[in-house]
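Participant: One structure coming up, written as structure tokens, with questions to follow.
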Amino acid sequence: MKEEKGRDSDLDYNKTLSVIIPVYNTEMYLKRCLDSALAALPGNSEILIINDGSPDQSEIIALKYSEDFPTIIRYFYKTNGGLSDAKNYGLNHAEGEYIIFLDSDDYVELDMYNEILNEMIQTGAQLGICDINCEYEVDGSSVISCCYNPNRGSAFFQIMDTPLVAASWNKIIHRSLFEGLDYPTGLNNEDVAVTPIILARANRFVIVKKPMYKYVQRPGSIQNSKFSNKRFVIIDTTNIAIKRAADLPIHIQKQIKGSLYIHQILGVLLYPIRNQSFFRRYFMIREFMGKVNISFSDFFQNRYVVDNGLIDNRKHRIFKRLSVMLLKRKLYLITSIFFEFVNLAEKVNAQIVKKGHK
């Protein structure tokens, strides 16, 4: 199929909402994704399918949907350039006043778009957000991830101080907030470089406290594939976000940096790296922290890193505070040993809980 050329920049934004769906190797999930988007789509809105050179049968599925819904679905094929490039391509072709992304292996609840959008229009908010339902394919379990932290003061930092703050798919965003921003091509964790800036630009927020976005955790996805040092790219996207925030008010810059440090940089250490085998974990900690210490000289002086865990329960607070203390002192082997005991304790606790449910 021939590649679709980009449009001129003088687009008429005559649609209400543009749902941008980048597609790559998700043929098993694409129908569910598209069915949910079609069912949830408000009136006078569009769905953009951006096929990023997918080698599987995704194109056949996408073409069929675009033929069945020609006034709603617009299909584009482009040579493979990665998720960032596909998102930028979708933004350049979107005609909606409001934008949201949807991963092609995920899906949404029926009322998600209308409920968020209606509240945004009623209040004049430029950004609306909802909670996330993380669904795990392996065991069929699910975990709710809240989109705000009520223990923080401002609405901005309530949203910023959450683990999945960077996600672009649980947020409806006014098109104007993307002005001058793009997703860094060739880098994973691309949302980290964009979402904090958009949140800082928004005049006000709508927070819908319902888990209406279904975030499917599957073994073959980008986020759940085998962890490697390629994921250290989070340092690059964090750096981009911090530099892009330089023109914002100082207190906003500090909150953005604090959120990125604890949820992106420290989060990589405390979760995916911690879950590696002992020696692999040790060498990864050493390599990652070497890069962190070079890129972020103020990391361990940052007040949000220092205070990390203060508002958590006692168990998580001790875990986070001890981890930071060991990492600060560059005791990486001891950190790996500590993580081993934490992992063992979690397994034992999980077995106890499982037995209690029988």
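The values are calculated or read from the model by the stated rules, or taken from the named source; none is laboratory data. Just so it is clear, the model here is predicted, and its values are computed rather than measured. A quick note on method: Cβ atoms are made from the backbone with ideal geometry, for glycine too, and the neighbour counts reach across all protein chains shown. The protein model used for the area step is the full one, side chains on, heavy atoms only, and it has no ligands, DNA or RNA in it. Shrake-Rupley method; radii C 1.70, N 1.55, O 1.52, S 1.80 Å.
Participant: Would you check which residues across region 295-322 are of a type in the set (Ser, Thr, Tyr) and under 19 Å from ASP161 (Cα atoms) and list them?
Facilitator: Of everything in region 295-322, just one residue is of a type in the set (Ser, Thr, Tyr) and under 19 Å from ASP161 (Cα atoms), namely TYR304.
Participant: May I ask you to verify whether TYR304 is assigned to a helix (DSSP H, G or I), under 24 Å from the mean Cα position of the chain (by Cα) and free of Cβ contacts under 8 Å to residues at least 12 places away in the same chain?
Facilitator: No, not satisfied.
Participant: Next question. Go through the residues of region 229-238 one by one and say whether even a single one is open to solvent by 50 Å² or more (accessible area, probe 1.4 Å), over 22 Å from ASN308 (Cα atoms) and modelled with pLDDT under 95.
Facilitator: There is at least one residue in region 229-238 that is open to solvent by 50 Å² or more (accessible area, probe 1.4 Å), over 22 Å from ASN308 (Cα atoms) and modelled with pLDDT under 95.
Participant: Would you point out which residue out of LEU270, LEU266, LEU322 is in a helix (DSSP H, G or I) and free of Cβ contacts under 8 Å to residues at least 24 places away in the same chain?
Facilitator: The match here is LEU322.
Participant: Could we say that PHE278 is farther than 25 Å from ALA193 by Cα and either open to solvent by 50 Å² or more (accessible area, probe 1.4 Å) or in contact with a Pro (Cβ under 7 Å, 6 or more places away or on another chain) (or both) here?
Facilitator: The answer is yes for PHE278.
Participant: Looking at (1) under 26 Å from LEU181 (Cα atoms); (2) modelled with pLDDT of 95 or more; (3) surrounded by 15 or more Cβ atoms within 10 Å (Cβ to Cβ), can you tell me which one ASP111 breaks?
Facilitator: (1)
Participant: Look at ILE173 and say whether it is closer than 22 Å to ASP106 by Cβ, at pLDDT 95 or above and open to solvent by 50 Å² or more (accessible area, probe 1.4 Å).
Facilitator: No; evaluated as a whole, the condition is false for this residue.
Participant: Kindly evaluate ILE73 against the criterion of being open to solvent by less than 10 Å² (accessible area, probe 1.4 Å), in contact with a Ser or Thr (Cβ under 6 Å, 6 or more places away or on another chain) and free of Cβ contacts under 8 Å to residues at least 60 places away in the same chain. Quick ask: steps written out before the conclusion?
Facilitator: Working: open to solvent by less than 10 Å² (accessible area, probe 1.4 Å): yes; in contact with a Ser or Thr (Cβ under 6 Å, 6 or more places away or on another chain): yes; free of Cβ contacts under 8 Å to residues at least 60 places away in the same chain: yes.
It is true that ILE73 is open to solvent by less than 10 Å² (accessible area, probe 1.4 Å), in contact with a Ser or Thr (Cβ under 6 Å, 6 or more places away or on another chain) and free of Cβ contacts under 8 Å to residues at least 60 places away in the same chain.
Participant: Out of the residues in region 32-63 meeting the condition of being of a type in the set (D, E, K, R) and surrounded by 17 or more Cβ atoms within 10 Å (Cβ to Cβ), tell me which one is farthest from LEU83 (Cα to Cα).
Facilitator: This residue is GLU46.
Participant: Turning to a different aspect of this structure: Looking at LEU117 and the list (1) of a type outside the set (Val, Ile, Thr); (2) open to solvent by less than 10 Å² (accessible area, probe 1.4 Å); (3) within 19 Å of LYS214 (Cβ to Cβ); (4) not in a helix (DSSP H, G or I), which single condition is not satisfied?
Facilitator: Against the list (1) of a type outside the set (Val, Ile, Thr); (2) open to solvent by less than 10 Å² (accessible area, probe 1.4 Å); (3) within 19 Å of LYS214 (Cβ to Cβ); (4) not in a helix (DSSP H, G or I), LEU117 comes up short only on (4).
Participant: From LEU38, LEU34, which residue is over 21 Å from the mean Cα position of the chain (by Cα) and not in a strand (DSSP E or B)?
Facilitator: Details: LEU34 fails: over 21 Å from the mean Cα position of the chain (by Cα).
Result of the check over LEU38, LEU34: LEU38.
Participant: For GLY186, indicate whether it is open to solvent by 40 Å² or more (accessible area, probe 1.4 Å), at pLDDT below 95 and not acidic (Asp, Glu). Explain how you work it out, then say what you get.
Facilitator: Details: open to solvent by 40 Å² or more (accessible area, probe 1.4 Å): yes; at pLDDT below 95: yes; not acidic (Asp, Glu): yes.
Here the answer is yes, as GLY186 does meet what is asked.
Participant: Check region 127-137 and report whether any residue there is over 14 Å from the mean Cα position of the chain (by Cα), under 22 Å from ILE242 (Cα atoms) and either open to solvent by less than 70 Å² (accessible area, probe 1.4 Å) or touching a residue at least 60 places away in the same chain (Cβ under 8 Å) (or both). Working first, answer last.
Facilitator: Initial filter on region 127-137 (over 14 Å from the mean Cα position of the chain (by Cα)): 127-128, 135-137.
Cutting the leftovers down to under 22 Å from ILE242 (Cα atoms) gives us 127.
Filter once more, keeping what is either open to solvent by less than 70 Å² (accessible area, probe 1.4 Å) or touching a residue at least 60 places away in the same chain (Cβ under 8 Å) (or both): 127.
Checked against the condition, which is being over 14 Å from the mean Cα position of the chain (by Cα), under 22 Å from ILE242 (Cα atoms) and either open to solvent by less than 70 Å² (accessible area, probe 1.4 Å) or touching a residue at least 60 places away in the same chain (Cβ under 8 Å) (or both), region 127-137 yields at least one hit.
Participant: Are any of the residues in region 9-25 outside any strand (DSSP E or B), open to solvent by less than 20 Å² (accessible area, probe 1.4 Å) and either within 18 Å of ARG175 (Cβ to Cβ) or at pLDDT below 95 (or both)?
Facilitator: No, every residue in region 9-25 fails to be outside any strand (DSSP E or B), open to solvent by less than 20 Å² (accessible area, probe 1.4 Å) and either within 18 Å of ARG175 (Cβ to Cβ) or at pLDDT below 95 (or both).
Participant: Among the residues in region 80-89, are any under 16 Å from LYS171 (Cα atoms) and either surrounded by 15 or more Cβ atoms within 10 Å (Cβ to Cβ) or free of Cβ contacts under 8 Å to residues at least 24 places away in the same chain (or both)? Lay out the reasoning, then the answer.
Facilitator: From region 80-89, those under 16 Å from LYS171 (Cα atoms) are 87; that's our starting set.
Now drop any that are not either surrounded by 15 or more Cβ atoms within 10 Å (Cβ to Cβ) or free of Cβ contacts under 8 Å to residues at least 24 places away in the same chain (or both), which leaves 87.
Yes, the conditions are met somewhere in region 80-89.
Participant: Which members of region 58-82 meet the condition of being of a type in the set (Val, Ile, Thr) and either under 23 Å from LEU187 (Cβ atoms) or modelled with pLDDT under 95 (or both)?
Facilitator: Restricting attention to region 58-82, the residues satisfying the condition of being of a type in the set (Val, Ile, Thr) are 60-61, 71-73, 79.
Correct list: THR79 only.
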